[in-house]
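Enquirer: Take this structure, written in structure tokens, and hold onto it; I'll ask about it next.
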Amino acid sequence: MPNNKQILLDSRPQGEASVSNFRLVASETPALGDGQVLVKHLFLSLDPYMRGRMNDAKSYAQPQPLGQVMQGGTVGEVVESRNANFQAGDKVVGMGGWQEYSVVDPQQGGMLRKVDTTHIPISHYLGAVGMPGVTAWYGLVKIIDAKPGNTVVVSAASGAVGSAFGALAKSRGLRAVGIAGGPEKCGYVKDELGFDACVDYKQYKDAGSLSQALKEACPDGIDGYFENVGGMVMDAVLMRMNAFGRIALCGMIAGYDGKPAPLSYPQLMLTNRLKLEGFIVSEHMDVWPQALQELGMLVGSGKFRPRESVAVGLEAAPEAFLGMLKGKNFGKQVVKLG
Ligand code: NDP
């Protein structure tokens with residue numbers, strides 16, 4: 001059986017996470033038992049939620065156990081199978097974690113799904129046609145529930161979730177406005193993703209001036225907001241929300257290191273009679289087939305060309321992960337293996 005490099009969670013961060021929280025080890029992959037499948041990973045997904053799971057704190061998901069392989073989404077190829085539903089050569093998406101190979105037992109709850117890579121590059125099953133894409137779909141369709149002509153805004157607009165949100169919003173005839181960090185990301189959001197406008201939040205020192213820039217980008221106000229970051233950005237958007245607006249509360253990455261990210265004017269939620277709903281995409285598995293079909297059409301037809309940041313080699317995963325938390329990624333952050 002092949003040798004398998006793995007990255008374990010070695011210690012829990014105190015404040016900001018660092019490379020010393022991770023440890024690289026190698027071990028042999030075990031021989032397959034009945035019903036098991038050996039998958040060679042081609043790409044690992046790096047996602048902001050992993051930062052929350054590094055803490056030993058109460059949350060919607062169990063903490064990542066210390067001394068175990070970092071958990072996370074993977075795409076790969078079946079190299080050996082003792083399961084009648086999978087054959088060597090099948091391309092699959094699963095939750096193989098930060099390692100080069102995984103042994104999966106689909107009958108014992110191991111997640112493994114075959115994917116068609118004819119029109120969609122396999123790595124996109126970790127991004128636009130995977131969990132982040134479905135996340136954008138859920139917030140837009142089930143929470144914001146926008147009507148044609150409405151203005152919707154998304155923060156972290158150039159990222160995995162934000163870019164899918166923009167593609168879905170534009171395909172529904174909405175005015176889509178992004179918020180992103182830096183002129184290069186904003187240029188991509190407007191010129192390549194087709195958003196109507198993008199505001200570079202890094203040019204503004206406070207929520208008031210950012211809100212003024214949003215006023216220009218959203219002359220009719222904001223009907224729906226998809227929140228990925230929190231903090232000053234959320235403050236600025238709240239000042240521009242229309243009455244009876246909807247907010248899909250997806251992520252608050254500005255606070256993931258544990259620093260407070262207070263809201264200055266929460267009373268705006270009352271005065272504007274806003275509906276704000278937090279959600280976790282894995283609790284809505286019923287919508288995944290419908291969402292993945294729509295996202296697959298957008299990507300397969302070339303209407304949505306998601307961008308990726310690709311780190312190379314398992315050893316590069318911790319640095320790439322920490323960089324993503326600081327916005328060094330440009331599009332969906334993955335690690336290419338093999
Ligand atoms: P991204 O690809 O968007 O990467 C994260 C981005 O966040 C960075 O590129 C950076 O963009 C931005 N960012 C980081 N720190 C800050 C900050 N302090 N202020 C403003 N922006 C910041 O990641 P994803 O698309 O994978 O995830 C986006 C959000 O969605 C995250 O909050 C994540 O936790 C959440 N999420 C929630 C799910 C759910 O079920 N609720 C499921 C999946 C994701 P920039 O350079 O533009 O600042």
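Enquirer: When a/c reaches 1.5 or more, the comparison of a/b and b/c decides; with that in mind, is the chain rounded, prolate or oblate per its Cα gyration tensor?
Expert: Verdict is prolate for the chain.
Enquirer: Separate question: Using a 1.4 angstrom probe on heavy atoms only, work out the carbon and sulfur share of the accessible area of the chain in %.
Expert: So the carbon and sulfur contribution to the accessible surface is 51 percent.
Enquirer: Once the dipole of the chain is set up with Lys and Arg at +1 and Asp and Glu at -1 on Cβ about the Cα centre, which of Leu32, Ile120, Gly94 lies farthest towards its positive end?
Expert: Ile120
Enquirer: Name the most mobile residue of Gly323, Gly72, Gly162, meaning the one with the largest mean-square fluctuation, in a Gaussian network model of the chain with Cα contacts below 10 Å.
Expert: Gly323
Enquirer: Based only on Cα atoms, what Rg/Rh ratio does region 2-51 have, Rh being taken as Kirkwood's radius?
Expert: Rounded to two decimals, Rg over Rh is 1.07.
Enquirer: Apply the Karplus curve 6.51 cos²θ - 1.76 cosθ + 1.60, θ = phi - 60°, to the phi angles in region 67-79 and return the couplings in whole Hz, x for Gly and Pro.
Expert: In residue order, the calculated couplings are x, 10, 4, 4, 7, x, x, 9, 10, x, 10, 5, 9 Hz.
Enquirer: Taking θ as phi - 60°, what are the ³J(HN,Hα) couplings along region 324-334 by the Karplus curve (6.51, -1.76, 1.60), each to the nearest whole Hz, with x for Gly and Pro?
Expert: 4, 5, 9, x, 6, 6, 9, x, 5, 8, 10
Enquirer: Right, next: When a/c is below 1.5 the answer is rounded, else prolate if a/b is larger than b/c, else oblate, so apply that to region 131-282 with a ≥ b ≥ c taken from the square roots of the Cα gyration tensor eigenvalues. Before the final figure, lay out the partial values.
Expert: Numbers: a/c = 1.17, a/b = 1.09, b/c = 1.07.
Note, shape of region 131-282 comes out rounded.
Enquirer: Kindly report the accessible area of the chain per residue (heavy atoms of protein chains, probe 1.4 Å, no ligands, DNA or RNA), in Å². Each step should come with its number before you reach the end.
Expert: On the way: 15150 Å² over 338 residues.
With the other protein chains kept in place, the chain gives 45 Å² per residue.
Enquirer: Report the residue, chosen from Ser211, Ser81, Ser301, that carries the largest GNM mean-square fluctuation when the chain is represented by alpha-carbon nodes joined by springs under 10 Å.
Expert: Ser301
Enquirer: With a 4.7 Å Cβ cut-off, tell me which Cys residues in the chain come up empty for a partner.
Expert: Lacking a cysteine Cβ partner under 4.7 Å: Cys218, Cys250.
Enquirer: Now for a different question. With each pseudo-label sitting 7 Å past Cα toward Cβ, what's the Ile280-Ser11 distance in nm, one decimal?
Expert: That separation, rounded to one decimal, is 2.8 nm.
Enquirer: Out of Asp116, Asp257, Asp196, any idea which swings most in a Gaussian network model of the chain, alpha carbons joined below 10 Å?
Expert: Highest fluctuation of the listed residues: Asp116.
Enquirer: Over what distance in Å are the Cα centres of region 252-324 and region 206-247 separated?
Expert: 17
Enquirer: Name the shape class, rounded, prolate or oblate, that the alpha-carbon gyration tensor gives for region 218-335, where a ≥ b ≥ c are the square roots of its eigenvalues, rounded holds for a/c under 1.5, and otherwise prolate holds if a/b is larger than b/c and oblate otherwise.
Expert: oblate
Enquirer: Return the distance in nm (one decimal) between the two label points of a simple spin-label model at Gln107 and Asp220, each offset 7 Å from Cα along Cα→Cβ.
Expert: For the pair Gln107/Asp220, the computed spacing is 5.7 nm.
Enquirer: Then there's this: Between Gln293 and Glu319, what is 0.36 nm times their sequence separation minus the Cα-Cα distance? Round to one decimal in nm. Walk me through the numbers on the way to the answer.
Expert: Details: separation 26, 0.36 × 26 = 9.36 nm, distance 3.30 nm.
Taking Gln293 through Glu319 to full extension adds about 6.1 nm, to one decimal.
Enquirer: Let me know the charge dipole size of the chain about its Cα centre in debye, to the nearest 20, where only the beta-carbon of Lys, Arg (+1) and Asp, Glu (-1) is charged.
Expert: 560
Enquirer: Extending each Cα 7 Å along its Cβ direction at Asp34 and Lys328, get the distance between those two points in nm, one decimal.
Expert: 4.9
Enquirer: Relative to the present Cα-Cα distance, how much length would full extension add between Ser209 and Lys114 at 0.36 nm per residue of separation?
Expert: Residue separation times 0.36 nm, minus the Cα-Cα distance, leaves 29.4 nm.
Enquirer: How big is the antiparallel share of DSSP beta bridges in the chain, given as a percent to the nearest 5?
Expert: Around 55 percent of the beta bridges assigned by DSSP in the chain are antiparallel ones.
Enquirer: Within region 156-258, which trypsin sites (Lys or Arg not before Pro) sit in a loop by DSSP and count at most 11 neighbouring Cβ atoms inside 10 Å?
Expert: Lys205
Enquirer: If you don't mind, another one. When the Karplus curve 6.51 cos²θ - 1.76 cosθ + 1.60 is applied with θ = phi - 60°, which whole-Hz ³J(HN,Hα) does each residue of region 253-263 get, with x for Gly and Pro?
Expert: Karplus values, whole Hz, x for Gly and Pro: 4, 4, x, 5, 7, x, 6, x, 10, x, 9.
Enquirer: Relative to a virtual label point 7 Å from the Cα of Ala84 in the Cα→beta-carbon direction, which members of region 93-121 show backbone nitrogen distances below 14 Å?
Expert: 107
Enquirer: Starting from the Cα of Asn3, move 7 Å in the Cα-to-Cβ direction to define the label point; list residues of region 37-81 whose amide nitrogen is under 18 Å from there.
Expert: 40-41
Enquirer: About the Cα centre of region 131-282, how large is the charge dipole given +1 on each Lys and Arg Cβ and -1 on each Asp and Glu Cβ? Please answer in debye to the nearest 20.
Expert: Value, rounded to 20: 280 debye.
The values are calculated or read from the model by the stated rules, or taken from the named source; none is laboratory data. Worth saying up front: this structure is predicted, and the values here are computed from it rather than measured. We place every Cβ from the backbone using ideal geometry, glycine too, and count neighbours over all the protein chains shown. Just so you know, the surface numbers come from the protein's heavy atoms only, side chains and all, with ligands and any DNA or RNA stripped out. Shrake-Rupley method; radii C 1.70, N 1.55, O 1.52, S 1.80 Å.
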